[in-house]
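The values are calculated or read from the model by the stated rules, or taken from the named source; none is laboratory data. These numbers were taken from a predicted model, which means no experiment stands behind them. When we count neighbours, we look across all protein chains shown, and the Cβ atoms used for this are built from the backbone with ideal geometry, even at glycine.
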Amino acid sequence: MSRFYRALQEASRTIPELAEEPAGGTAVGGDPEIDTAIGAPVFAGLAEALEASSQTGPGDENRPAPAVKSEALSIASPPNGEFGIAAQGVLDRAAPLIPNSIDPAVIESYGRLRAKIMQEQGRKPFRSLMITSPAPEDGKTVTALNLALSLAAVPSYRVLLVDGDLRRGTLGKVLGVGNPPGLGNLLEGSAQLKDVVLKSDDNPIYFMVRGSAAIPPAELLYSPRLIPQFRKMTEYFSMVLVDSPPVNLVADAQLLAAGCDAVLIVARAFATTRKGLQKAVQDLSHFRVIGTVLNRGMRADLYRHYKHY
């Protein structure tokens, strides 16, 4: 991860007044509970294949892009028809999400992140991916949402986004559905999978909010239902993305990672420290960490030749 650490160090040397504008020029929404806005994310894979494909330099714009397997993985049909209880939600127009972005560089960056995720999925298949960060407000929820929206644009690719933060999850708020029964209710046994998967006409993804279980989150995540339910989700979806709490703050992320096939770590430029990132990686070392995303970096020069598009 030395290259990623160098990126963090380079970001910390940036002139302070420049650091006020995130990559892509996206502004932060006014809600402190929603993760900080994300601009153009930089992905650094821990696997050798991703590490090699992420190297860029002069002339890279003329280099053929690596092949990406775009065909959907085999998924089962829901036993009682299509998943997705109709949810009358409206996407938060102030949230820093792809549908709200006016900067094509941001959309392209998430397209690159999607391609690398699918490359890694093709190299060694996985169907569930937990997205976490060392500390709060690093941008993991926005990263999870935008990655889900980007993956859902792939034909026949069915995506489920799960709010795994049973304490302070904000997915339902961003998607405008409030907090109906969700993951917590599924784990406590008061609801079945078909009862907590939601779908609205306002966005192309399936989603599951944190829910309103009576059992405390710290106890729910030790439920023997967690791993079997996550495995069941992967039977019906091409990809299950789980937005988790910060790994350095509570033990929830490690418990959720046990139910997922892979882990993606989000760090924030000008905020995440090398020590904090090292601790997060160490705590998740027993799981398959496929890479890291550097969030809120400055606008990359990579796009300077494409502004006329």
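Things to note:
- Only one entry of R123, R112, R93, R127 meets the criterion of being of a type in the set (D, E, K, R) and closer than 22 Å to A253 by Cα, and that entry is R127.
- Residue match in segment 151-159 (condition: outside any loop (DSSP other than H, G, I, E, B) and more than 18 Å from the chain's Cα centre (by Cα)): no
- Close contacts from segment 87-113, counting a first residue that is more than 15 Å from A148 (Cβ to Cβ) and in contact (Cβ under 8 Å) with a residue 24 or more places away in the chain and a second that is acidic (D, E) and part of a loop (DSSP other than H, G, I, E, B), with Cβ to Cβ under 6 Å and a gap of 6+ residues or different chains, come to V90/D202.
- Check on Q254, surrounded by fewer than 21 Cβ atoms within 10 Å (Cβ to Cβ) and in contact with an Asp or Glu (Cβ under 8 Å, 6 or more places away or on another chain): yes
Yes/no matrix, rows are residues, columns are (1) in contact (Cβ under 8 Å) with a residue 12 or more places away in the chain; (2) surrounded by fewer than 20 Cβ atoms within 10 Å (Cβ to Cβ); (3) under 19 Å from F237 (Cα atoms):
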| site | (1), (2), (3) |
| --- | --- |
| L129 | yes, no, yes |
| T141 | yes, no, no |
| P180 | yes, yes, no |
| G184 | yes, no, no |
| D195 | yes, yes, yes |
| L198 | yes, no, yes |
| M208 | yes, no, yes |
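- Taken across segment 123-130, residues that are more than 25 Å from G176 (Cβ to Cβ), outside any loop (DSSP other than H, G, I, E, B) and modelled with pLDDT under 55 do not occur at all.
- Per the listing L149, L145, L175, L166, the residue uniquely within 19 Å of A257 (Cβ to Cβ) and aliphatic (A, V, I, L, M) is L166.
- Contacts under 7 angstrom Cβ, first residue in segment 262-274 being crowded, with 23+ Cβ neighbours inside 10 Å, partner modelled with pLDDT of 90 or more and of a type in the set (D, E), 6 or more apart: V266/D138; A267/D138; R268/D138; T272/D138
- As a summary of the residue check, V281 satisfies the conditions (1) assigned to a helix (DSSP H, G or I); (2) within 21 Å of L186 (Cα to Cα) except for the one numbered (2).
- Check on P96, at pLDDT below 90 and either surrounded by 18 or more Cβ atoms within 10 Å (Cβ to Cβ) or under 23 Å from A213 (Cα atoms) (or both): yes
- Qualifying residue in segment 177-197 (condition: assigned to a loop (DSSP other than H, G, I, E, B) and closer than 21 Å to N295 by Cα): no
- Failed condition for M239, given (1) in contact with a Lys or Arg (Cβ under 7 Å, 6 or more places away or on another chain); (2) surrounded by fewer than 18 Cβ atoms within 10 Å (Cβ to Cβ): (2)
- Conditions (1) surrounded by fewer than 21 Cβ atoms within 10 Å (Cβ to Cβ); (2) modelled with pLDDT under 95; number of the one not met by P217: (1)
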